[in-house]
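Colleague: The structure is given below, and queries will be raised subsequently.
The values are calculated or read from the model by the stated rules, or taken from the named source; none is laboratory data. Since we're looking at a predicted model, the values are computed, not measured. In this analysis, Cβ positions are derived from the backbone assuming ideal geometry, glycine residues included, and neighbour counts consider all displayed protein chains.
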Amino acid sequence: MSDRPGLVVGITGASGTIYGIRLLRMLRRIGVESHLVVSHAGAVTLACETRLKLKDLHALADRAYRPEDIAAPIASGSFPSLGMVIAPCSTRSAAEIATGVTSGLLTRAADVALKERRRLVLVLRETPLHAVHLRNLLTLAELGAVVAPPVPAFYNDPKSIDDLVDHTVGRVLDLFGLDGGTVRRWAGPRGRRGRVKN
């Protein structure tokens with residue numbers, strides 16, 4: 001692993017566990033240490049959406065922590081990190097972070113990212129959004145979080161769901177100055193480039 005600080009990854013119970021899984025795999029491939037916390041609801045969704053067991057998901061990370069372990073290193077601002085990505089992020093987790101009333105390690109780690117002025121990216125998976133969701137997201141944006149719903153891009157001519165997921169996760173890594181090698185950069189209508197090879 002690199003000497004640079006790692007990235008904290010949270011996975012909540014929102015649909016879209018594949019985003020967190022793919023993020024962990026990309027971080028490993030590019031040599032960035034990952035620190036994972038999966039909420040209890042996230043573990044349930046993992047079982048519903050994939051064939052992975054929680055131990056398999058933990059194995060994709062360099063360090064994994066129990067969701068109730070508020071004494072974990074990532075719960076402290078003294079722990080160095082690049083910041084945190086929650087992928088997917090539920091509206092419940094977003095609400096906890098927006099209000100500062102955290103119920104476990106995942107939202108505490110996000111609160112730490114905000115208070116330490118580190119990058120916090122929320123891959124929010126919910127639609128449609130009602131007024132309370134939108135107010136919470138505005139609060140988070142005002143606090144410095146980046147709300148990055150997994151909205152698919154089509155200019156890159158995706159051929160599969162994997163292409164859509166990889167592009168989204170690659171764009172999330174862009175927010176940390178990291179290149180996952182999966183983003184086909186827009187070069188204008190006359191400058192279309194070939195697909196990035198993994």
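Colleague: Which residue pairs have Cβ atoms under 6 Å apart, sit 6 or more places apart or on different chains, and have a first residue in the stretch 123-134 that is at positive phi and a second that is not in a helix (DSSP H, G or I)?
Modeller: Final answer for the pair search is none.
Colleague: Of all residues being of a type in the set (Asp, Glu) and at pLDDT 95 or above in the stretch 127-162, which is farthest from GLY180 (Cα to Cα)? Just the residue, please.
Modeller: GLU142
Colleague: Across the stretch 135-145, what is the total count of residues that are in contact (Cβ under 8 Å) with a residue 24 or more places away in the chain and in contact with a strand residue (DSSP E or B) (Cβ under 9 Å, 6 or more places away or on another chain)?
Modeller: Of the residues in the stretch 135-145, 5 are in contact (Cβ under 8 Å) with a residue 24 or more places away in the chain and in contact with a strand residue (DSSP E or B) (Cβ under 9 Å, 6 or more places away or on another chain).
Colleague: Does the stretch 130-166 hold any residues that are within 22 Å of PRO189 (Cα to Cα), surrounded by 16 or more Cβ atoms within 10 Å (Cβ to Cβ) and polar (S, T, N, Q), and which are they?
Modeller: Of everything in the stretch 130-166, just one residue is within 22 Å of PRO189 (Cα to Cα), surrounded by 16 or more Cβ atoms within 10 Å (Cβ to Cβ) and polar (S, T, N, Q), namely ASN156.
Colleague: Please specify each residue of the stretch 106-120 satisfying the condition of being touching a strand residue (DSSP E or B) at 6+ places or on another chain (Cβ under 7 Å) and surrounded by 24 or more Cβ atoms within 10 Å (Cβ to Cβ).
Modeller: LEU106, ALA109, ALA110, ALA113, LEU120
Colleague: Hey, does the stretch 39-61 have a residue that's buried (at least 22 other Cβ atoms within 10 Å of the Cβ), more than 14 Å from the chain's Cα centre (by Cα) and within 20 Å of ALA113 (Cα to Cα)?
Modeller: Checked the stretch 39-61: no residue is buried (at least 22 other Cβ atoms within 10 Å of the Cβ), more than 14 Å from the chain's Cα centre (by Cα) and within 20 Å of ALA113 (Cα to Cα).
Colleague: Taking only the stretch 66-105 into account, find how many residues are closer than 17 Å to ALA148 by Cβ, part of a helix (DSSP H, G or I) and touching a residue at least 60 places away in the same chain (Cβ under 8 Å).
Modeller: 2
Colleague: Taking VAL32 as the residue in question, decide whether it is closer than 17 Å to PRO80 by Cβ and among the β-branched types (Val, Ile, Thr).
Modeller: So VAL32 fits the description; yes.
Colleague: Evaluate the stretch 20-38: report whether one residue or more is among the small types (Gly, Ala, Ser), exposed (fewer than 15 other Cβ atoms within 10 Å of the Cβ) and either under 18 Å from ILE161 (Cβ atoms) or without any contact (Cβ under 8 Å) to a residue 24 or more places away in the chain (or both).
Modeller: No: the stretch 20-38 contains no residue that is among the small types (Gly, Ala, Ser), exposed (fewer than 15 other Cβ atoms within 10 Å of the Cβ) and either under 18 Å from ILE161 (Cβ atoms) or without any contact (Cβ under 8 Å) to a residue 24 or more places away in the chain (or both).
Colleague: List every residue pair whose Cβ atoms lie under 7 Å apart, where the two residues are 6 or more positions apart in sequence or sit on different chains, the first residue falls within the stretch 146-167 and is under 19 Å from MET26 (Cα atoms), and the second residue, located anywhere, is modelled with pLDDT of 95 or more and of a type in the set (Phe, Trp, Tyr).
Modeller: Close Cβ pairs (under 7 Å, with a partner that is modelled with pLDDT of 95 or more and of a type in the set (Phe, Trp, Tyr)) amount to PRO150/TYR19; VAL165/TYR19.
Colleague: Continuing with this model, one more query. Does at least one position in the stretch 109-124 carry a residue that is within 20 Å of ILE18 (Cα to Cα), in a helix (DSSP H, G or I) and β-branched (Val, Ile, Thr)?
Modeller: Looking for residues that are within 20 Å of ILE18 (Cα to Cα), in a helix (DSSP H, G or I) and β-branched (Val, Ile, Thr), one finds none in the stretch 109-124, hence no.
Colleague: Now for a different question. Could you check, for the stretch 88-101, whether at least one of its residues is among the hydroxyl-bearing types (Ser, Thr, Tyr) and under 22 Å from GLY170 (Cα atoms)?
Modeller: Yes.
Colleague: For the stretch 9-18, give me each residue that is within 22 Å of ALA72 (Cβ to Cβ) and not in a loop (DSSP other than H, G, I, E, B).
Modeller: If the condition is that a residue be within 22 Å of ALA72 (Cβ to Cβ) and not in a loop (DSSP other than H, G, I, E, B), then VAL9, GLY10, ILE11, THR17 are the ones that fit.
Colleague: While we're on this one: Can you name the residue in the stretch 1-33 that is in contact with a Gly (Cβ under 6 Å, 6 or more places away or on another chain) and of a type in the set (Ser, Thr, Tyr) and is also modelled with the lowest pLDDT among such residues?
Modeller: By that ranking, first place goes to SER2.
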